[in-house]
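**Q** A single structure is presented below for examination.
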Amino acid sequence: MAISGLGFCCRSHFLFRSPPYMYCIRKVRKCSVMAVETTLSEQEGFFNDDDADSELTSHKTVNAGVVALKWKKWNAKELGITSSMISQPTKVVLKELKRKGYEVYLVGGCVRDLILKQIPKDFDIITSAELRQVVKTFSRCEIVGRRFPICHVHVDDTFIEVSSFSTSGRKKSSSSDFLRKPRGCSEQDYLIWRNCMKRDFTINGLMLDPYANVVYDYIGGMEDLKKAKVRTVIPAYTSFQEDCARILRAIRIAARLGFRLTKETAFSLKDLSCSILRLDKTRHLMEMNYMLAYGSAEASLRLLWKVGLLEILLPVQAAYFVSQGFRRRDKRLNMLLSLFANLDAFLAPNRPCHQSLWIAMLVFHKALADNPKDPLVVATFALAVHNGGNLPEAIDIARSITRPHDSNFSELDTQDLDSDEKLKMEVMDLASLVKVALRQMTDESFVSQAMAQYPQAPYSDLVIIPLACYTRVLRIFDCVKGSQRKGFTPRRGNKIDYEYLAMGKLEEVQYVFARVVFDTIYPAYLDQRPKTRYAA
């Protein structure tokens with residue numbers, strides 16, 4: 001049977017996961033941050049009493065225009081960083097550059113994640129070699145970027161970003177006014193500090209020498225990790241004016257780690273929020289994909305709403321939040337957040353999904369929010385998406401579900417569906433509504449009117465879904481036509497192939513979509529009875 005691979009319907013041993021938002025956040029902060037805090041207390045002498053206040057020495061220094069930082073060097077092993085935590089392709093690049101006699105360091109978010117015992121999304125390297133020397137070192141390497149050129153070194157089926165101290169030193173930055181060499185500072189220390197000062201956030205300004213096992217912290221990154229705070233390296237208003245993309249990165253980092261934005265960062269972010277409209281649409285899509293496809297989508301949506309960015313990036317979803325009476329600091333769940341919480345349960349920084357999946361979630365939810373349907377219709381629709389459009393089979397399995405649905409969602413409206421023909425017609429109607437919702441979310445005129453009844457909201461006609469994504473999402477739902485599509489091969493097993501999911505392979509995306517929808521409509525915690533074969 002084609003549906004046999006859908007473990008949530010036919011296998012009683014399937015583990016349903018629906019971690020609430022606050023649990024995810026507390027888990028990061030109580031485990032990862034506590035580990036850092038313990039390490040800080042054990043390594044005496046790294047922080048003076050004057051570092052304990054809310055404003056770090058680095059900020060006092062920049063604001064005063066005086067360089068008076070104390071170099072802080074940490075033992076990487078004592079921080080829990082081991083060689084096994086670094087990806088093999090990254091090791092290949094590090095080893096070859098080191099063999100050529102160049103200095104090499106891991107830098108940025110990967111160092112932060114290693115300290116927090118999290119899996120880095122990727123690894124970035126900075127080296128004393130010129131970019132042209134990096135190109136000569138590797139056969140599969142090219143220089144990309146005009147404004148801030150870096151190298152992409154290809155190893156197997158991935159690539160590693162490599163930047164150069166010499167190139168980063170030429171970047172124009174508002175911090176350049178304060179980059180004069182302190183007394184008694186070695187040339188190596190100055191190069192490292194100069195590069196760190198050009199980073200966006202203090203927790204991204206950490207640098208790791210993997211061969212000396214030393215973590216360099218010259219701008220207070222470790223202290224902000226300890227306090228679970230996202231703070232800009234230079235004054236926040238200046239930082240966001242210099243690069244408005246940092247606004248979106250601040251949200252992404254805070255949501256993923258469960259960190260708080262400092263007051264200065266939060267206020268500046270709100271004041272300059274509309275400046276993100278200056279970014280190219282491809283950049284908007286990239287940043288939204290980082291937020292929604294890597295396991296922190298629910299937290300990202302909450303934080304975007306809290307700081308007033310959701311109405312700029314996703315006006316349609318912001319209008320839904322308003323219609324639900326959702327306050328900025330609301331801790332409740334709604335159906336949109338529940339869908340993404342369940343999607344997060346399957347994803348991680350090293351196990352992302354293709355952007356077509358989260359876009360499909362947004363579109364599907366909009367269709368339901370505008371036209372509520374019976375839970376049985378939603379379940380049948382999800383099953384039909386998974387099994388290639390075989391509605392008779394989807395109806396048969398959906399009718400055998402005994403688990404109660406979540407009655408808290410306004411998107412679910414119980415109907416009289418006594419006949420299979422009536423159920424089929426409702427499912428077909430939902431399929432049509434989903435396609436309408438997709439067209440609406442890619443229509444600038446429609447999007448611009450989403451928040452029209454809320455005059456205090458910023459105007460935004462931003463459409464982040466490009467044509468290629470539109471076509472992919474359409475294919476996800478296009479199979480629900482009443483009969484199974486030709487050439488369809490049933491998916492076997494209930495284990496997710498994350499390589500296929502990241503690539504956007506249709507069957508894998510449809511399978512995960514169906515599982516997420518089912519987990520949302522029929523959450524496991526509502527059913528405490530012994531499970532039968534079809535009790536989901």
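The values are calculated or read from the model by the stated rules, or taken from the named source; none is laboratory data. Since the model is a prediction, treat every value here as computed from it, not as a measurement. Here the Cβ is made from the backbone with ideal geometry for all residues, glycine too, and neighbour counts use every protein chain on show. What goes into the accessible areas is simple: the full protein's heavy atoms, side chains included, and nothing from ligands, DNA or RNA. Shrake-Rupley method; radii C 1.70, N 1.55, O 1.52, S 1.80 Å.
**Q** Please go through the range 71-107 and pick out each residue that is acidic (Asp, Glu) and under 21 Å from Val155 (Cβ atoms). Break it down stepwise before answering.
**A** The first filter runs over the range 71-107 and keeps only residues acidic (Asp, Glu), leaving 78, 96, 103.
Within the range 71-107, Glu96, Glu103 meet the criteria.
**Q** Of the residues Asp374, Asp370, only one is over 30 Å from Ser87 (Cα atoms), open to solvent by 10 Å² or more (accessible area, probe 1.4 Å) and touching a residue at least 60 places away in the same chain (Cβ under 8 Å); which? If you could, list the steps in order and put the result at the bottom.
**A** Numbers: Asp374 fails: touching a residue at least 60 places away in the same chain (Cβ under 8 Å).
Among Asp374, Asp370, only Asp370 is over 30 Å from Ser87 (Cα atoms), open to solvent by 10 Å² or more (accessible area, probe 1.4 Å) and touching a residue at least 60 places away in the same chain (Cβ under 8 Å).
**Q** Let me ask another. Against the definition (surrounded by fewer than 17 Cβ atoms within 10 Å (Cβ to Cβ), assigned to a loop (DSSP other than H, G, I, E, B) and not assigned by the TED database to the domain that holds Ala266), how does Asp396 come out, yes or no?
**A** Values: surrounded by fewer than 17 Cβ atoms within 10 Å (Cβ to Cβ): yes; assigned to a loop (DSSP other than H, G, I, E, B): no; not assigned by the TED database to the domain that holds Ala266: yes.
No: the conditions fail for Asp396.
**Q** Being open to solvent by 70 Å² or more (accessible area, probe 1.4 Å) and not in a helix (DSSP H, G or I) is the filter here, so list the residues in the range 272-292 that pass it.
**A** Once the filter is applied, which keeps residues that are open to solvent by 70 Å² or more (accessible area, probe 1.4 Å) and not in a helix (DSSP H, G or I), the range 272-292 yields only Asp280.
**Q** While we're on this one: Residues that are modelled with pLDDT under 85 and surrounded by fewer than 16 Cβ atoms within 10 Å (Cβ to Cβ): list the strands (runs of 3 or more DSSP E) wholly contained in the range 135-187 that include at least 1 such residues. Working first, answer last.
**A** Numbers: elements: 141-144, 150-155, 158-164.
Answer list for the range 135-187: none.
**Q** Does Ile219 satisfy the condition of being part of a loop (DSSP other than H, G, I, E, B) and more than 29 Å from Pro458 (Cβ to Cβ)? Reasoning before the result, please.
**A** On the way: part of a loop (DSSP other than H, G, I, E, B): yes; more than 29 Å from Pro458 (Cβ to Cβ): yes.
Spelling it out, Ile219 is indeed part of a loop (DSSP other than H, G, I, E, B) and more than 29 Å from Pro458 (Cβ to Cβ).
**Q** Turning to a different aspect of this structure: Condition (residue is more than 29 Å from the chain's Cα centre (by Cα), part of a helix (DSSP H, G or I) and of a type in the set (Ser, Thr, Tyr)) applied to the range 437-447: is it met by at least one residue? Let's see the steps before the verdict.
**A** So the first thing to find is which residues in the range 437-447 are more than 29 Å from the chain's Cα centre (by Cα), and the list is none.
Checked the range 437-447: no residue is more than 29 Å from the chain's Cα centre (by Cα), part of a helix (DSSP H, G or I) and of a type in the set (Ser, Thr, Tyr).
**Q** Taking the condition hydrophobic (A, V, I, L, M, F, W, C) and either buried (at least 19 other Cβ atoms within 10 Å of the Cβ) or touching a Cys at 6+ places or on another chain (Cβ under 9 Å) (or both), does Ala450 pass? Lay out the reasoning, then the answer.
**A** Values: hydrophobic (A, V, I, L, M, F, W, C): yes; either buried (at least 19 other Cβ atoms within 10 Å of the Cβ) or touching a Cys at 6+ places or on another chain (Cβ under 9 Å) (or both): yes.
Yes.
**Q** Taking the conditions exactly as written (at pLDDT below 95 and open to solvent by 10 Å² or more (accessible area, probe 1.4 Å)), does Glu264 satisfy them or not?
**A** On the way: at pLDDT below 95: no; open to solvent by 10 Å² or more (accessible area, probe 1.4 Å): yes.
Taking the combined requirement at face value, the residue does not satisfy it.
**Q** Of the conditions (1) more than 22 Å from Lys373 (Cβ to Cβ); (2) basic (Lys, Arg); (3) in a loop (DSSP other than H, G, I, E, B), Arg472 clears all except one; give me its number.
**A** Arg472 satisfies every listed condition except (3).
**Q** On to the next question. Against the condition closer than 21 Å to Phe364 by Cα, in contact (Cβ under 8 Å) with a residue 12 or more places away in the chain, surrounded by fewer than 20 Cβ atoms within 10 Å (Cβ to Cβ) and in the same structural domain as Asp374 (by the TED database), how does Asp420 come out, does it pass?
**A** no
Residue-wise test of (1) more than 25 Å from Leu417 (Cβ to Cβ); (2) at pLDDT 95 or above; (3) aliphatic (A, V, I, L, M).
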residue	(1), (2), (3)
Lys281	yes, no, no
Leu304	yes, yes, yes
Leu310	yes, yes, yes
Ser338	no, yes, no
Ala345	yes, yes, yes
Lys373	no, yes, no
Leu376	no, yes, yes
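**Q** Next question. Restrict the check to the range 328-336 and report whether at least one residue is buried (at least 23 other Cβ atoms within 10 Å of the Cβ) and assigned to a helix (DSSP H, G or I). Can you show your working first?
**A** Step one: list which residues in the range 328-336 are buried (at least 23 other Cβ atoms within 10 Å of the Cβ), which gives 336.
Keeping just the survivors that are assigned to a helix (DSSP H, G or I) gives 336.
Yes, that holds for at least one residue.
**Q** Looking only at the range 275-323, count how many residues are among the polar types (S, T, N, Q) and more than 15 Å from the chain's Cα centre (by Cα).
**A** The number of residues fulfilling the criteria is 4.
**Q** Test Lys263 against the criterion of being outside the structural domain of Leu339 (by the TED database), more than 23 Å from Leu225 (Cβ to Cβ) and basic (Lys, Arg), and give yes or no.
**A** Working: outside the structural domain of Leu339 (by the TED database): yes; more than 23 Å from Leu225 (Cβ to Cβ): no; basic (Lys, Arg): yes.
For Lys263, the condition - outside the structural domain of Leu339 (by the TED database), more than 23 Å from Leu225 (Cβ to Cβ) and basic (Lys, Arg) - is not met.
**Q** Could you tell me which numbered condition Leu391 fails, if it satisfies all but one of (1) touching a Gly at 6+ places or on another chain (Cβ under 6 Å); (2) within 26 Å of Asp420 (Cβ to Cβ); (3) open to solvent by 10 Å² or more (accessible area, probe 1.4 Å); (4) of a type outside the set (Lys, Arg)?
**A** (3)
**Q** With Gly101, Gly108 as the choices, which residue is under 27 Å from Lys73 (Cβ atoms), in the same structural domain as Phe159 (by the TED database) and open to solvent by less than 50 Å² (accessible area, probe 1.4 Å)?
**A** Values: Gly101 fails: open to solvent by less than 50 Å² (accessible area, probe 1.4 Å).
Only one candidate passes the filter, namely Gly108.
**Q** Still on this model: Could you go through the range 69-92 and let me know if any residue there is open to solvent by 70 Å² or more (accessible area, probe 1.4 Å), under 21 Å from Arg256 (Cα atoms), modelled with pLDDT under 95 and within 30 Å of the chain's Cα centre (by Cα).
**A** No, the range 69-92 contains no residue that is open to solvent by 70 Å² or more (accessible area, probe 1.4 Å), under 21 Å from Arg256 (Cα atoms), modelled with pLDDT under 95 and within 30 Å of the chain's Cα centre (by Cα).
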